[in-house]
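The structure under discussion appears below in the form of structure tokens.
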Amino acid sequence: MPSVTLERSRKKRLEHAHPWIFKNEIASVDGNPEPGDIVNVLNHQGRYLATGYYNPASQITVRVVSYQPLAFEQMDTAFFAARFHDCLRHRERFIQDGEAYRLVYGEADFLPGLIVDRFGDILVVQILTLSMDRCREAIVQALIEVMQPEGIYERSDVSIRELEGLEQIKGPLYGECPRHVTVTENGLLIKVDIVEGQKTGYFFDQRENRAAIEPLMKGWGYKSGINMQQVEYEGTEQLLPVNKSGKVVTFPYWDGATVLECFSHTGSFTLNACKYGAKKVTCLDISEHAIESARTNVELNGFTDRVEFVVADAFQYLREQVKGLDERNARARAAEQKVDTSKALSSAGKTFDVVILDPPAFAKTKSAVKGACRGYKDINLQGMKLVNEGGYLVTASCSYHMRPDLFLETIADAAEDAGKVLRLIDWKAAGKDHPQILGVDEGHYLKFAIFEVRSKKQ
């Protein structure tokens, strides 16, 4: 088998389980491997370290698939079937409602350059590298053997393929592939557009994080003076919610939170908020297609009467609400300050018990981090200003280059400017179908936090 020998002076990332070998780490290449071929990786003394696939056109020249020598020169159907069985066992162990999840997560499943998402009986495949592209037929046959799907659809329409010298493509690979597939997550129905939806159609990495908002959705009735009392109602004595006027409250979600979800995509956080008892949810995205997807999912789950949909730029919407809130606060202080109260108030100025911010990646490259910090600070600054006293800010970043300490530092800066005190209640990463290999920082991309928001001055 051809081999790649590494430089003596390189950092020993490979020995710490990092699966990427960059062009500048290679001292020599022996055996004339073709692009996409399997090669053995040796240290400067000729000692075997790993086996991977080779592409001299890529800065990541070798991607590791095994730490033991392979008995074959190409990744065949049997190789992929064995790996897919391992992937399936892991998901079946950790995913309870097991019909929808990320089945294959690239490097973390020892299959770099390959993503497979399961939507019930439909699989969506994303092939990112030259070697995996050459193995497309073996991948499809192995998936059929292991998963027995009704259809396999490819969503390799991503620009990263161009770094490997590949075109962006998408389309059916096997069987019948309907454009829309309905699956269950956290006990909720989700209709997914596998053809035109973002990435593979849905983001599974926030499954556990969506469920983590459950404790935030109830316990708000006290703000309206509602409490549970033993009263006589319809001829019997019952423990019921009663308002300040002594009347029984019949609205079933009287104790629920008011919620704003920005960057909603398919409305997944909105669905979980409603499931766990939210009183009212504002579901916002700049994309009309995304809002229509969210609306469909809300209707599927019977939550329509508690959700309003807004097509708007989240940055602009948050600023408008903060501006309206400032106007209202100024009007409230009109007796102490000279404020023109003849002007009509803006319709903006809404506040919420819970504000959820789940934006797309702001920093896709290292050079974009500075601008990303400004973006994350802006939305979190405006978002926490709209959180009612003692309410919660739920915020996330999926930018790998936005390191956890920098993300928290940025939010802390926003809190200082907003005059807020934040208490960190929960901190999470991607879900269990997105395992992380220790030593591979690139897999630690998702940061998810829940903060309680308090004002320094009332």
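The values are calculated or read from the model by the stated rules, or taken from the named source; none is laboratory data. Remember, it's a predicted structure, so these values are computed and weren't measured experimentally. As a convention, Cβ positions derive from the backbone with ideal geometry for all residues, glycine included, and neighbour counts pool all protein chains shown. Remember, those area values only see protein heavy atoms, side chains included, never the ligands or the DNA or RNA. Shrake-Rupley method; radii C 1.70, N 1.55, O 1.52, S 1.80 Å.
Worth pointing out:
- Per residue solvent-accessible surface (Å²) - the stretch 46-180, probe of 1.4 Å: 44 Å²
- Student exercise, the stretch 182-246 dipole from Lys, Arg, Asp, Glu Cβ charges, in Debye to nearest 20: 240 debye
- The label point for E137 and the one for K244, both projected 7 Å from the Cα toward the Cβ, are 7.5 nm apart.
- In loop segments of the stretch 116-178 as defined by DSSP, the GluC sites (Glu not before Pro) with at most 15 further C-beta atoms inside 10 Å of their C-beta are E150, E167, E176.
- The stretch 94-211, relative contact order in percent, only Cα pairs under 8 angstrom and at least six apart counted: 22 percent
- Rounded FRET efficiency, nearest 0.05, which uses the C-beta distance separating H44 from W254 and R0 of 51 Å: 0.15
- Within the accessible area of the stretch 139-188 (1.4 Å probe), percent carbon and sulfur: 47 percent
- Seen through its C-alpha gyration tensor, with square-root eigenvalues sorted a ≥ b ≥ c, the stretch 289-332 comes out oblate because a/c lies at 1.5 or above while a/b is not bigger than b/c.
- Selection from Y392, L260, C283 lying farthest towards where the dipole of the chain points positive, charges on Cβ: Y392
- Electrostatic dipole magnitude of the chain [Cβ: Lys, Arg +1; Asp, Glu -1; Cα centre; debye, to 20]: 1800 debye
- Charge dipole of the stretch 8-162 about the Cα centre (unit charges at C-beta), most positive-ward option of T51, F84, I160: T51
- Gyration tensor verdict on the stretch 221-376 (Cα atoms; rounded if a/c is under 1.5, prolate if a/b is larger than b/c, oblate otherwise): oblate
- Antiparallel DSSP beta bridges within the chain, percent to nearest 5: 70 percent
- Order by protection proxy (mean Cβ within 10 Å, highest first), peptides 27-35, 416-424, 280-288: 280-288, 416-424, 27-35
- Three-way shape label, the chain, alpha-carbon gyration tensor, a/c 1.5: prolate
- For the chain: relative contact order, % (alpha-carbon pairs under 8 angstrom, 6 or more apart): 10 percent
- Note on D305 and D157: their simple-model spin labels are 3.9 nm apart, each label 7 Å out from Cα toward Cβ.
- Extended-chain gain in nm, criterion 0.36 nm per residue less alpha-carbon gap, K218 and E442: 77.0 nm
- Net charge dipole size for the stretch 374-458 [Lys, Arg +1 and Asp, Glu -1 on Cβ; Debye, nearest 20]: 300 debye
- Accessible surface ranking that places the most exposed of D205, D326 first, with a 1.4 angstrom probe: D326, D205
- Electrostatic bookkeeping for D313 treats Lys and Arg as +1 and Asp and Glu as -1; over the other residues with beta carbon under 13 Å from its beta carbon, the sum is -3.
- Were the residues from T184 through Y233 laid out at 0.36 nm apart, the gain over their Cα-Cα distance would be 13.8 nm.
- Percent of beta bridges antiparallel (DSSP, the stretch 305-458, rounded to nearest 5): 75 percent
- Relative contact order for the stretch 35-84, counting Cα pairs under 8 Å that sit 6 or more residues apart, in percent: 30 percent
- Cβ-derived FRET efficiency at R0 25 Å, K23 paired with K364, nearest 0.05: 0.75
- Exceeding the 27 Å Cα-Cα cut-off - candidates K12/K199; K23/K364; K323/K456: K12/K199
- Phi angles of the stretch 292-304 translate, via the Karplus equation with coefficients 6.51, -1.76, 1.60 and θ = phi - 60°, into HN-Hα couplings of 5, 5, 4, 4, 4, 5, 5, 5, 4, 9, x, 10, 4 Hz per residue; Gly and Pro are given as x.
- Rounded Å value of the spacing that divides the Cα centres of the stretch 157-233 and the stretch 375-438: 20 Å
- The stretch 16-30 versus the stretch 42-87: alpha-carbon centroid distance in Å: 12 Å
- Where labels lie 7 Å past Cα in the beta-carbon direction, separation of L408 and E389 in nm: 2.8 nm
- Peptides ranked, highest mean first, by Cβ atoms within 10 Å: ranges 99-108, 232-241: 99-108, 232-241
- 26 Å Cα-Cα reach of K244 towards lysines, excluding residues that sit fewer than 8 places from it in its own chain: K218, K223, K279, K280, K350
- Between F94 and A332, residue separation times 0.36 nm minus the direct Cα-Cα distance comes to 80.5 nm.
- Ordering V354, V248, N272 by the projection of their Cα atoms onto the charge dipole of the stretch 224-368, which places +1 on the Cβ of Lys and Arg and -1 on the Cβ of Asp and Glu, puts V354 at the extreme positive end.
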